[in-house]
Structure formats: C-alpha cells, structure tokens
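Take a look at the structure set out below.
The values are calculated or read from the model by the stated rules, or taken from the named source; none is laboratory data. Since the structure is predicted, the reported quantities are computational estimates derived from the model, not experimental observations. Glycine also receives a Cβ, built like all others from the backbone with ideal geometry; neighbour counts cover every protein chain displayed. We work out accessible area using only protein heavy atoms, side chains counted, and drop any ligands, DNA or RNA first. Shrake-Rupley method; radii C 1.70, N 1.55, O 1.52, S 1.80 Å.
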Amino acid sequence: MGLMSKILGESGTSRKTDDYVELNADDFEAAATETERQVRIAQISGKQDVIEIKDAVYDGDIVIADITRHSTQDRTMEHISDELKQVANEVGGDIVQKDDDQLIITPAGVGIARERL
C-alpha cells in the first residue's frame, strides 16, 4: 500500500485507530520567536465555548473547532454557526464546515480553499 493510499484510503478498506500515531505537543520545542498567528484547536460543547473562539479569531488566530457533540441540524449549532459566520465576516476572514465534525474559522487575510488537494 502506497503512502497516498494510506492517507486517502482505498475503496473497500477502512481506517483503524491503530493506523494513526498520537503526537505529544511536549515532544516539540516551542518556537523561540513569537508568531503572528496560531492555529488553535477548540471543542464546542455549548454556547459558552463560542466566546473564546471569537476572541481567538479577533486576535488573528485560525480556529479548528470540533463540533461532534452537536448535530448540524441542532438549533444550538445553527445559532453557534451564525454567530461564528458573523465574526468571520466582521474581521474579513472565512469559515467552512468540514464534514459533520469540524468548523474552520480564519481571520482577515486567510482564505479557505473549498476543494481538496
């Protein structure tokens, strides 16, 4: 099986948890210089989580938010999505929903391609 087949999968095969390696952030040294933006990871369990996400986007960070705790048809999720769309619009950024489990929100100057590599 080639590298791309492992990454993208082949028809008829399914990926297993054993196929992935957990990377511990402590294994990597922090950059010596300050970065202009960061990619932040968030989990949305409720409306209260939106505040930190909004602050991060206003500060210029990119946020990847896990929304697996909500159905995309959920009224709470609709409200959260609308609020985050408004933030992306206010800062001149972008927002997309990746499958049913993630929202990606970016600040000004960072667009999200709608097609996969």
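Numbers at a glance
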{"read-out": "Hits in the range 79-116 (condition: more than 13 Å from the chain's Cα centre (by Cα) and either at pLDDT below 85 or among the aromatic types (F, W, Y) (or both))", "value": "R116"}
{"read-out": "Count of residues meeting criterion [free of Cβ contacts under 8 Å to residues at least 40 places away in the same chain and not in a helix (DSSP H, G or I)] in the range 33-58", "value": "14"}
{"read-out": "Count of the range 58-78 residues which are at pLDDT 85 or above and either open to solvent by less than 70 Å² (accessible area, probe 1.4 Å) or touching a helix residue (DSSP H, G or I) at 6+ places or on another chain (Cβ under 9 Å) (or both)", "value": "9"}
{"read-out": "In the range 91-117, the residues that are of a type in the set (D, E, K, R) and closer than 20 Å to Q48 by Cα", "value": "D101"}
